Amino acid sequence: MSDETKELRKKLFSTKKNGYDKLTDDDLSRMEAYCRAYMAFLDAGKTERLCAAEAIRLAEEKGYRPFVRGMEVKAGDKLYVCNRGKSVMLAHIGEKPLAQGVQIAAAHIDSPRLDLKPNPLYEDSELAYFKTHYYGGIRKYQWVTIPLELHGVVALKDGTAAAVNIGADAGDPRLVITDLLPHLGMEQSKKPLGEAVPGETLNLLLGSRPLGDEEDTGRVKLAVMKLLHEKYGITEDDFTSAELEAVPAANACDIGLDRSMIGAYGHDDRVCGYAALRALLDLEKTPARTAVCMLADKEEIGSDGVTGMQSAAFDTFLEDLCESQNTALRVCYAASFCLSADVTAAYDPDYGEVYEKRNAAYLNYGIGLCKYTGARGKSGASDADAETVAYVRRLFDEAGVLWQIAELGKVDAGGGGTVAMYMANRNITTLDAGVPVLSMHAPFETVAKLDCYETYLGMKAVYMAGKGTF
């Protein structure tokens, strides 16, 4: 091949490379430090409430303070609003007026899990159980026989709330959902994978030790309720106003002999949520345009509800900021940009038949840009225009951020959604981007450290962009 041909190929062909072929030793050192902090964030935030609380703690350490409607707002101010303890909105006020738009990174901090039903406690065959209702898109068979923790709050009629934590502390007992032994599972094995473990059998085993005289009934249930009352001061009726979530009892850890990956519960989408948050907190100077981080709830069930992305809470926060500068919210939105930061599917060679290799995201190739998500014929996607994709390409290339373009599997293999369309519906220019994940929505997911770090750098580039030329 002639030198001229080589140069032509270099000029015209895509030349994406594995990120490890580009990063320096200093880059790798910073990557490792970032990932250690991210793993600590995951361990502290296994539910959306815990995640929101940890985000606020980190923000306040960096000088962020609660925003109160009507307060004076000026360049350099670092403000946040917590929506009902389950979503967080933060802003670093920029030098330019809000009429020139804001730079937004929007992620979600809820993850698939098992919620307790409103009347969960029962006894059967002298075993006590909690009944659950799964939250989000789970594969039910993955949740049996693994140790689980229980987190959340029980709101009492007197206005107080009891914070529940069972299984997270050293020495705590764990909970589990039992499964059928293979010796008796012949009929179960004949069922389709999605039907082998019915949702109504995802019951948490609580105890087996009875309390009271042998002729009494409900003795194991009573023993469990006594323990809960002693620790949290609750009665059975209080479960009616409880929000309790069962999550995997496993902390984040290195994966692989080379420690190049992170295994944990909740990468979807706390890996992007942390990147969006950390990038905002690490801004070393006041950004040109106001930088906004949105950590939303309820994405896994459609972004509905008062703490979801379809709620007016985000509009209220931005409108309050805009009113402090006598700016109409619609003017701000029209000039704004949002990176909808949600994970994408990483190519898995063991299941290569559902991926389209030319348009798949790969581990260690950086943050994955998704022009659209949705299902099959792009249903439920915002489908960013070409100008928006070019804007982000330019932004990332100028900042030295490693990126790749991807779809979520083959056209008719399935699909998924993000908060992108809800931002786009507000007339905000929006593009999806996030970390590629293996085993997405499983109780234990895997990501590459390199992709985590590059996503953080991408968020920083978005926040520091001086103007939106999309």
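We did not get these values from a lab; they are worked out from the coordinates using the rules stated. Predicted model, so just to flag it, every value in this text is computed and none were measured. Here the Cβ positions follow ideal geometry from the backbone for every residue, glycine too, while neighbour counts run over all protein chains shown.
Structure notes:
- Given charges at Cβ of Lys, Arg, Asp, Glu: the chain dipole, positive-most of H229, A384, G366: A384
- Those lysines that a straight Cα-Cα span of less than 20 Å connects to K190, excepting residues fewer than 8 apart in one chain: K140
- The chain: angle of helix 25-44 to the longest principal axis, Cα-based, in degrees nearest 10: 30 degrees
- Restricting the GluC sites (Glu not before Pro) of the stretch 66-164 to loop positions (DSSP other than H, G, I, E, B) with no more than 10 neighbouring Cβ atoms within 10 Å leaves E72.
- Other residues with beta-carbon under 15 Å from the beta-carbon of D77 carry, at +1 per Lys or Arg and -1 per Asp or Glu, a net charge of +3.
- Its relative contact order, with pairs defined as Cα atoms under 8 Å and 6+ residues apart, puts the chain at 22 percent.
- Chymotrypsin sites (Phe, Trp or Tyr not before Pro) restricted to DSSP loop in the stretch 11-95 with at most 13 other C-beta within 10 Å: F13
- Extending 7 Å from the Cα toward the beta-carbon at both D304 and A170 defines two label points whose distance is 4.4 nm.
- Per residue, the chain reaches -8500 deg cm²/dmol at 222 nm when only DSSP H runs of four or more residues are counted, each adding -39500 (n - 2.57).
- With the cut-off at under 18 Å, measuring from each backbone N in the stretch 106-121 to a point 7 Å along the Cα-to-Cβ line of D237 picks out 118-121.
- For the stretch 310-370 versus the stretch 405-470, the gap between their alpha-carbon centres in whole angstrom: 5 Å
- Cβ-based charge dipole, the chain, positive-most Cα from Q188, M309, L28: L28
- Total formal charge among the other residues, if their Cβ is under 9 angstrom from that of G167, Lys/Arg +1 and Asp/Glu -1: -2
- Peptides 426-439, 243-256 ordered by packing proxy, namely the average of other Cβ atoms within 10 Å per residue, highest first: 426-439, 243-256.
- Principal-axis tilt of helix 219-232 within the chain, Cα atoms, nearest 10 degrees: 50 degrees
- Euclidean distance of C-alpha centroids, the stretch 3-74 and the stretch 252-273, integer Å: 14 Å
- Between the helical axis of 48-61 and the longest alpha-carbon principal axis of the chain there is an angle of about 50 degrees.
- Using the Cβ-Cβ distance between A399 and R65 with R0 set to 25 Å, the FRET efficiency works out to roughly 0.30.
- Protection proxy ranking for 268-280, 181-193, using the average of other Cβ atoms within 10 Å per residue and placing the highest first: 268-280, 181-193.
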